[in-house]
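These notes concern the structure reproduced below.
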Amino acid sequence: MTVAKRTAIRAGYVIAFDGKGHRLLRDGVVVVEGDNILHVGPRFDGRVDETVDAPDRVLTPGLISTHAHISGSPLDRSFIEDCGNPQFWFSGLFEMLPVRSDSQDEEAGRACVDFSMAELLRGGVTTVMEIGTLGDYVVERAPHYGLRVYMGQAFRSGKWLTRDGKRVVWEWNEEQGRQGLKRAMDFHQRWDGAHGDLVRCFVSPSQIDTCTPELLKDAKRFADEVKRPYQVHTSQSVVEFNEMVQRHGKTPIAWMKELGVLGQNTVLGHAIIIGGSSWTNYPDGDIRLMAEAGCSVAHAVWVFARRGVAMESFGRYREAGVNMSLGTDTNPQSVIEAMRWAAVVSKMMERNTEATTAPTPSTRPPSVGPARSCVTISAASPLAPRPISCSGRRRRGG
Ligand SMILES: [Zn+2]
């Protein structure tokens, strides 16, 4: 019988977990044996085959980005960064995004996937929820990088455009939406659990305002059936919020509740422009609806903050019981950066340094069902220790 190799990683700072919450351990040691974490603590006296010394590094569980577009980023860097049109309340969705997407070919998309996967790993992310249309290539590359991927093949029944630069219009093609869901279901059958369960799928109707109610409900039914997350961009612009209020007489989140698509496996992409936010000047209530439904929010702070738009506030959502997670969205694909920005912006919004110290690192994916059962991250996530081990000093023996 072969004995699995034991590696001890000694780090200046270890983000440990005591069964209840994360704890910062100074000068700790993590011992990995094969695919398992054998020990986390201040010292370890047993046998080890190799030791990695990283006294000036932080050793964390693999971080999770619950919302990313790795086949379009970093092409948007310097193109739609830091600017926005006040006509659309600074959102880049309606003028800028369609131009970037239409000018990008598949080869460019593939280059983006490779760039972003390396970028995610560099920042300690070992699991990403990707929303896009290059699923086959993402699945193909996941084992090369050892990145755990939840792939959401995007689909929708309509798209945005502006003909005069003043008004957003929605161009509908309902059949395209139905075909898109069918393709996503086929994709799921083909790839869910691929590469030894390194790859899983989730269901992602693109945006709340570009999908018909039937498409949103059909997609939710499928997500429930296969017990996978269901993620929709929701409450991500003032234009969308006002449109949904006009269409349905309800906020986007209240409308999702009415459709029956807010549930424990629902992940709301962004959920920033909501009732109760100064951006809408609309009565509050959305945070309570999210908390009652037990859904999760994928908060991608930087993509908004760089245009002057902020969630009001991360601390308030979390306090109300909403399951908060962090997404990277676009470049930089760094959850560490996202944690820093979410904490700082939340303090600013609350005008209170105690309101949020730092978001708990995203080390567990959003739940997939009532039991909130899902994969947990362990050393089985192949690259979890690598962000520090590549720069630490390796030596043989204990
Ligand atoms: Zn997004």
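The values are calculated or read from the model by the stated rules, or taken from the named source; none is laboratory data. Source: prediction; values computed, not measured. All Cβ positions, glycine included, derive from the backbone under ideal geometry; neighbour counts span all protein chains shown. Only protein heavy atoms, including side chains, enter the accessible area calculation; ligands, DNA and RNA are left aside. Shrake-Rupley method; radii C 1.70, N 1.55, O 1.52, S 1.80 Å.
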Full-extension gain between residue 36 and residue 164, please, as 0.36 nm times their residue separation minus the C-alpha to C-alpha distance.
40.3 nm
For helix 106-122, report the angle its Cα long axis makes with the longest principal axis of the Cα atoms of the chain; keep it between 0 and 90° and round to the nearest 10°.
50 degrees
About its Cα centre, how strong a charge dipole does the stretch 1-66 have in debye, to the nearest 20, once Lys and Arg get +1 and Asp and Glu get -1 at the Cβ?
180 debye
Helix axis angle, 135-145 relative to the chain longest principal axis, alpha carbon, degrees:
20 degrees
Compute the angle between helix 238-248 and the longest alpha-carbon principal axis of the chain, please, reported from 0 to 90 degrees and rounded to the nearest 10.
60 degrees
With the dipole of the stretch 26-98 worked out from charges on the C-beta (+1 for Lys and Arg, -1 for Asp and Glu) around the Cα centre, which of 75, 30, 87 lies farthest toward the positive end?
87
With charges set only on the Cβ (+1 for Lys and Arg, -1 for Asp and Glu), what does the dipole of the chain come to about its Cα centre, in debye to the nearest 20?
1080 debye
In nm, the gap between the two label points placed 7 Å beyond Cα toward Cβ at residue 320 and residue 292 is 1.1 nm
By the scheme Lys and Arg +1, Asp and Glu -1, what is the net charge of all other residues having a beta-carbon under 10 Å from that of residue 44?
+3
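Could you order 100, 316, 122, 221 so the one with the most accessible surface comes first? Probe is 1.4 Å.
From most exposed to least exposed: 122, 221, 316, 100.
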Please give the contour-minus-distance gain from residue 354 to residue 306: 0.36 nm per residue of separation, less the Cα-Cα distance, rounded to one decimal in nm.
15.0 nm
Excluding residue 313 itself, calculate the net charge of residues whose Cβ lies under 12 Å from the Cβ of residue 313, where each Lys or Arg counts +1 and each Asp or Glu counts -1.
+1
Extending each Cα 7 Å along its Cβ direction at residue 225 and residue 278, get the distance between those two points in nm, one decimal.
4.6 nm
Let me know the Kirkwood hydrodynamic radius for the stretch 1-150, please, with Cα pairs as the basis and the value in Å to one decimal.
18.3 Å
Of 268, 216, 75, the one that fluctuates the most in a GNM where the chain has Cα springs shorter than 10 Å
75
Positive-end residue, the chain charge dipole about Cα centroid, Cβ charges, pick of 210, 356, 345:
356
Rounded to 0.05, the calculated FRET efficiency for the beta carbons of residue 108 and residue 182 at R₀ = 30 Å is 0.65
Mind ordering 2-11, 39-48 by average Cβ neighbours within 10 Å, highest first?
2-11, 39-48
Taking the Cα centre of the chain as the origin and placing charges on Cβ (Lys, Arg +1; Asp, Glu -1), which of 287, 15, 239 is farthest toward the positive end of the dipole?
15
Quick check: net charge around residue 241, other residues with Cβ under 15 Å of its Cβ, Lys/Arg +1 and Asp/Glu -1?
-4
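So for the stretch 73-170: antiparallel DSSP bridges make up what percent, rounded to the nearest 5?
25 percent
Nearest 0.05, what FRET efficiency do residue 45 and residue 5 give at R0 = 22 Å with Cβ-Cβ as r?
0.75
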Residues residue 190 and residue 22, FRET efficiency given R0 of 35 Å [Cβ-Cβ distance, rounded to 0.05]:
0.45
Using Cα-Cα distances under 8 Å and only pairs 6 or more residues apart, what relative contact order does the chain have, in percent?
20 percent
Nearest-20 debye value, the stretch 196-328 charge dipole, Cβ charges on Lys, Arg, Asp, Glu:
200 debye
